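Single-structure report; data block below.
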Amino acid sequence: MDRFVINGGARLKGKIRIDGAKNAALPIMAAALLSDGPNVIHGVPDLADVRFMGEVLGDVGARVTRDPNGDLHLSVDDEADSHAKYDRVRKMRASVCVLGPLLAKRKRARVSLPGGCQIGPRPIDLHLRGLKALGAEIELDGGDIIATCKKLRGAHIFLGGPFGSTVLGTANVMMAATLAEGRTVIESAACEPEVEDLADYLNAMGARISGAGTPRLTIDGVDKLRGAEHHVIPDRIEAGTFLVAAAITNGELTLQNCRLEHLMAVVDRLQNIGVQIDQEGGDVVVSSSRRLEPTDVTTQPFPGFPTDLQAQLMTLLCLADGNSVITEKIYPDRFMHVAELMRMGANIRREGPTAVVTGVKRLIGAPVMASDLRASAALVLAGLVARGATVIQRVYHIDRGYEAIEAKLASVGADITRVSD
Ligand code: EPZ
């Protein structure tokens, strides 16, 4: 198992290119199951989760290869086996987004019900509600969801849940509706840029989707979808992580392939506490040169502050000049990083879905444990600024969502090395 050793204190300076978005690429890969021809997807990062989705798709008859330019080629060879098994789904919850495409294209899907994960319970009732509204019959057998239909029919569906909209639920129902008969309207649809990117890809395949990026999606079903070529949008969470990396080290980074319109709430909070962020031509320049102010932040569905950057912002606020309040409204238990940050000297008090962060003068390097993807990113950020050495165990979590983060950070001056056992 690999670990990162970070000697804190370096001011980061230089240029970093942001990769394509993991959370756009995964459902887009699953959507290729709907097509009758070859697909080429550009800008898919080389991540553990992407390779993993390739294996899930391989199990259900797709061929997924990466060419020497890094482009992903996907086509479906064989539609006989439509079973996404427990061993795969339990390792990556996003595997559930094969459900909608398999059902729509093959009229049957057997997908293991994903369990909870480190960030708390993650039900899929809304995915199933939407598919049922389109005419699917759903039963449970041996921990698997078995979804079947004779024909999917368009419907008017409300897809909101207790925590607001659902990203992969919207993706699943939207993908299924592309091949349904007639019009589907999804109300309270997720507005995340990744959903919009998926809709763009599906439209390139011949789907008829409008309203992507708004809470009302309209999908007019078509008989067939062809293969298509698509460029994945930049990863706003990777970009947000590097914005914090520049701020926390009092450094200056130029981010290439970064879209600030996907990061409005993040930019708003960072500017509010004293971080300088400017668009310069196609690049984004972020810098900070002083101790930052505290702030309050609540995670929300897009365009609100993303839960996937909550842990990273918390690390930054650990060093702000006063008390900050962070409320987690999407995954109320997503606080695995709190105890590890406290081992590094942070002062955080958690009360249910809220954490009160009292800024300290410095963090101190320590051996810490990565627990999930974004919590691990938060620990890397803490290590960059902590006094002394920080050793982060179980970095495979971070490899799921950040391609070569240590190389990118080292290229702008960080003292970080990967050590393999
Ligand atoms: C996506 O997960 C992302 N994953 C997550 O990113 C991200 O944290 C999350 O959206 C929220 O932005 C991918 O895109 C692969 P949801 P998803 O359904 O779609 C509740 C990362 O670090 N809910 O939008 O599974 C749910 O419990 C990962 O990259 C239901 O109640 O999340 C949560 O409170 C982790 N019933 C809220 O909705 C459902 O059927 C939003 O979850 C589905 C969800």
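What the table shows:
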item	result
Residue in the stretch 301-329 that is farthest from the chain's Cα centre (by Cα), counting only those that are of a type in the set (Asp, Glu) and within 14 Å of the ligand (Cβ to nearest atom)	GLU328
Residue in the stretch 186-204 that is surrounded by fewer than 24 Cβ atoms within 10 Å (Cβ to Cβ), without any contact (Cβ under 8 Å) to a residue 60 or more places away in the chain and in a strand (DSSP E or B) present	yes
Members of the stretch 26-55 that are under 18 Å from the mean Cα position of the chain (by Cα), in a helix (DSSP H, G or I) and not charged (D, E, K, R)	LEU26, PRO27, ILE28, MET29, ALA30, ALA31, ALA48, VAL50, PHE52, MET53, GLY54
Filter pass, ARG108 being within 15 Å of the ligand (Cβ to nearest atom), assigned by TED's automatic domain parsing to the domain that holds ALA62 and open to solvent by 20 Å² or more (accessible area, probe 1.4 Å)	no
Count of residues meeting criterion [assigned to a helix (DSSP H, G or I), open to solvent by 10 Å² or more (accessible area, probe 1.4 Å) and charged (D, E, K, R)] in the stretch 214-251	1
Tabulated pairs, the stretch 288-300, first touching a residue at least 12 places away in the same chain (Cβ under 8 Å), second open to solvent by 10 Å² or more (accessible area, probe 1.4 Å) and of a type in the set (Ser, Thr, Tyr), C-beta under 6 angstrom, 6+ apart or interchain	THR298/THR327; THR299/THR307
Qualifying residue in the stretch 370-393 (condition: among the acidic types (Asp, Glu), modelled with pLDDT of 95 or more and in the same structural domain as ALA247 (by TED's automatic domain parsing))	no
Test: residue in the stretch 409-420 that is surrounded by 24 or more Cβ atoms within 10 Å (Cβ to Cβ), within 16 Å of the ligand (Cβ to nearest atom) and in a loop (DSSP other than H, G, I, E, B)	no
Those residues of the stretch 152-177 which are farther than 20 Å from MET92 by Cβ, modelled with pLDDT of 95 or more and part of a loop (DSSP other than H, G, I, E, B), in sequence order	LEU152, GLY154, ALA155, LEU159, GLY160, SER165
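The values are calculated or read from the model by the stated rules, or taken from the named source; none is laboratory data. Computed from a predicted model, the values in this text were never measured in an experiment. All Cβ positions, glycine included, derive from the backbone under ideal geometry; neighbour counts span all protein chains shown. Keep in mind that these areas ignore ligands, DNA and RNA; they rest on the heavy atoms of the full protein, side chains included. Shrake-Rupley method; radii C 1.70, N 1.55, O 1.52, S 1.80 Å.
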